[in-house]
Amino acid sequence: EAHLAESGGASVQDGGSLRLSCAASGYFVRGGCVSWFRQFPGKEREGVAAIDRDGYTRYADSVKGRFTISRDNAKNTLSLLMNSLKPEDTAMYYCAASPYCAYARLDASRYNYWGQGTQVTVSS
């Protein structure tokens, strides 16, 4: 049974940087697809960044050029480096995984495993 656990969420100033991590057990991050999603209060969960087994990445337009997704296969972890953070980035961030994904995708319905989330707050 796969288990994902996010960490690294914090309160930062506008323009700051933050790195989120996701530790996986019962699942290898090198397989299938692993992704980051975020959810604003009262809104649906939306895709932020994804990476597939071949290393292909996909980003939401709102974070492209500012966020970077990466894997550490030896540690079996997933990371999201967030630069130039804005107040509108404030959300609960989740990591997700799917063993059946053939390429990086950002639709939440295709992911099987989810972490419990970590809060990111950016103040102006």
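The values are calculated or read from the model by the stated rules, or taken from the named source; none is laboratory data. Nothing here was measured: the structure is a model prediction, and the numbers come from that model. Cβ sites come from the backbone with ideal geometry, for glycine too, and all protein chains shown count toward neighbours. Each accessible area value is taken on the protein alone, full model and side chains, heavy atoms only, with ligands, DNA and RNA left out. Shrake-Rupley method; radii C 1.70, N 1.55, O 1.52, S 1.80 Å.
Only a single item in (1) among the small types (Gly, Ala, Ser); (2) at pLDDT 95 or above; (3) over 16 Å from residue 93 (Cα atoms) is not met by residue 8, and it is number (3). From the list 30, 71, which one is outside any strand (DSSP E or B) and open to solvent by 10 Å² or more (accessible area, probe 1.4 Å)? Of 30, 71, the one residue that is outside any strand (DSSP E or B) and open to solvent by 10 Å² or more (accessible area, probe 1.4 Å) is 30.
Taken together, 60, 50 contain a single residue that is out of contact with any helix residue (DSSP H, G or I) (no Cβ under 6 Å at 6 or more places or on another chain), surrounded by 15 or more Cβ atoms within 10 Å (Cβ to Cβ), of a type in the set (A, V, I, L, M) and more than 21 Å from residue 31 (Cβ to Cβ), which is 60.
Can you say whether residue 50 is modelled with pLDDT of 95 or more and in contact with a Phe, Trp or Tyr (Cβ under 8 Å, 6 or more places away or on another chain), as far as the supplied structure shows? Yes. The set of residues from segment 33-43 being open to solvent by less than 50 Å² (accessible area, probe 1.4 Å) and not hydrophobic (A, V, I, L, M, F, W, C) comprises 35, 38.
Every condition in (1) open to solvent by 70 Å² or more (accessible area, probe 1.4 Å); (2) under 22 Å from residue 123 (Cα atoms) holds for residue 84 except the one numbered (1). Scanning segment 87-105 for residues that are assigned to a loop (DSSP other than H, G, I, E, B), surrounded by fewer than 19 Cβ atoms within 10 Å (Cβ to Cβ) and in contact with a Gly (Cβ under 7 Å, 6 or more places away or on another chain) yields 99, 100. Hey, can you tell me all the residues within segment 44-68 that are of a type in the set (Ser, Thr, Tyr), part of a strand (DSSP E or B) and either in contact with a Leu (Cβ under 7 Å, 6 or more places away or on another chain) or touching a residue at least 40 places away in the same chain (Cβ under 8 Å) (or both)? Within segment 44-68, 57, 68 qualify.
In segment 11-27, of all residues being modelled with pLDDT of 95 or more and in a loop (DSSP other than H, G, I, E, B), the one that is least open to solvent (accessible area, probe 1.4 Å) corresponds to 16.
Collect the residues in segment 106-117 that are farther than 16 Å from residue 58 by Cβ and either in a loop (DSSP other than H, G, I, E, B) or free of Cβ contacts under 8 Å to residues at least 12 places away in the same chain (or both), keeping them in residue-number order. If the condition is that a residue be farther than 16 Å from residue 58 by Cβ and either in a loop (DSSP other than H, G, I, E, B) or free of Cβ contacts under 8 Å to residues at least 12 places away in the same chain (or both), then 112, 115, 116, 117 are the ones that fit.
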